[in-house]
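Readers should treat all values here as calculations from the given coordinates under stated rules, not as data from a laboratory. Given the structure is predicted, the values throughout are model-derived calculations rather than measurements. Every residue, glycine as well, gets a Cβ built from its backbone with ideal geometry; the counts of neighbours run over all protein chains shown.
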2 protein chains.
Amino acid sequence: MRTLLATMKALSDESRLRALGLLRERELCLCQIVEVLGLATSTVSKHMSVLQQARLVESRKEGRWAYFRLADDEAPTEALGALELALASLDRDKQAKADRRALKAVLKMSAEELCRKQANCKC
Amino acid sequence: MRTLLATMKALSDESRLRALGLLRERELCLCQIVEVLGLATSTVSKHMSVLQQARLVESRKEGRWAYFRLADDEAPTEALGALELALASLDRDKQAKADRRALKAVLKMSAEELCRKQANCKC
DNA sequence: ACGTCGTTTCGCCAATTAACGAAATGTAGA
DNA sequence: TCTACATTTCGTTAATTGGCGAAACGACGT
């Protein structure tokens, strides 16, 4: 029950579902997810931590950056099944589509993206 | 997204998961679910209404009694998929097993069960 | 060693939600 | 009609959760 409950709780938030939709495209760094979701960094960090504890995503650190990706086959069946279900539903979702478009734009800039996000931008 | 989110929210509560585990056995009346879960009638009624709005269960009225059963094939794919997933997980769950045992006992009494639940019991 | 910067943790506030009992609803039987 | 009773709705309270900014953390470059 614990696992199932944790999985469902993790998936019962719109921001977290959107994040999963983004990760479906490719592994992403926290700041890229932040940019698309338009939430405070600390908020998104918390969301990713919830998804991690539910074993829906995994992360790795590379220098100062934290990269997140969808869970692999070693995750509990509850997580894998629910993930598959959620991604299938997101595939047909309007908001998720818009997010994927926004992600494409973010991935193009990278340099300016970082700049705009920080207040010290001079562009 | 709305449907997916509603489904996941409905499934992210232990009492509601337990109720689904009971309904897997057979169609049940509200008071039987109340008896097994050990919660106030009004609380369980609210839970069942949440499950209904997420299209995870359906209900019918027969006289003063409200009967609930798991959703049929006409429910949204999100609901059906999540339901299948949750039930599979509950199959292996300790608490769910205990609930099924408790349900068997409740189904046997029926008369006395109703009696005990109401404060006017004289047994 | 020091400052910078991406991330995480912490503390707070607002919104949501589960729980209860009381009151309202609706149906069956006297 | 009046009463009894299963269920639902309402109002309140306590706990949980999402959101933010500030502070702490940790790694890189100077």
B:LEU87 fails exactly one of (1) in contact with a helix residue (DSSP H, G or I) (Cβ under 6 Å, 6 or more places away or on another chain); (2) away from DNA strand C (no atom under 15 Å from the Cβ); (3) touching a residue at least 12 places away in the same chain (Cβ under 8 Å), namely (1)
Just one listed residue, out of B:ALA82, B:ALA105, B:ALA6, is in a helix (DSSP H, G or I) and either more than 14 Å from every other protein chain (Cβ to nearest Cβ) or hydroxyl-bearing (Ser, Thr, Tyr) (or both), and it is B:ALA105
Inset, instruction - Would you mind stating whether A:SER12 is near DNA strand D (Cβ under 10 Å from one of its atoms), over 23 Å from A:ARG101 (Cβ atoms), polar (S, T, N, Q) and within 14 Å of chain B (Cβ to nearest Cβ)? - result: yes
Counting only residues in region B:39-77 that are small (Gly, Ala, Ser) and in a helix (DSSP H, G or I), the one nearest to B:LEU5 (Cα to Cα) is identified as B:SER49
Residues in region B:9-32 that are closer than 26 Å to A:GLU14 by Cβ and not in a helix (DSSP H, G or I) total 3
Picked from region A:40-66 (must be within 12 Å of the chain's Cα centre (by Cα) and among the aliphatic types (A, V, I, L, M)), the residue nearest to DNA strand C (Cβ to nearest atom) is A:ALA66
Taking first residues from region B:38-65 that are within 22 Å of B:ALA98 (Cβ to Cβ) and away from chain A (no Cβ under 14 Å) and second residues anywhere that are near DNA strand D (Cβ under 8 Å from one of its atoms) and of a type in the set (Val, Ile, Thr), the pairs with Cβ under 9 Å that are 6 or more apart or on different chains are B:ALA40/B:VAL34; B:THR41/B:VAL34; B:THR43/B:VAL34; B:VAL44/B:VAL34
Over region A:88-102, the set of residues closer than 11 Å to A:ARG24 by Cα, in contact with a Leu (Cβ under 8 Å, 6 or more places away or on another chain) and more than 10 Å from chain B (Cβ to nearest Cβ) is A:ARG100
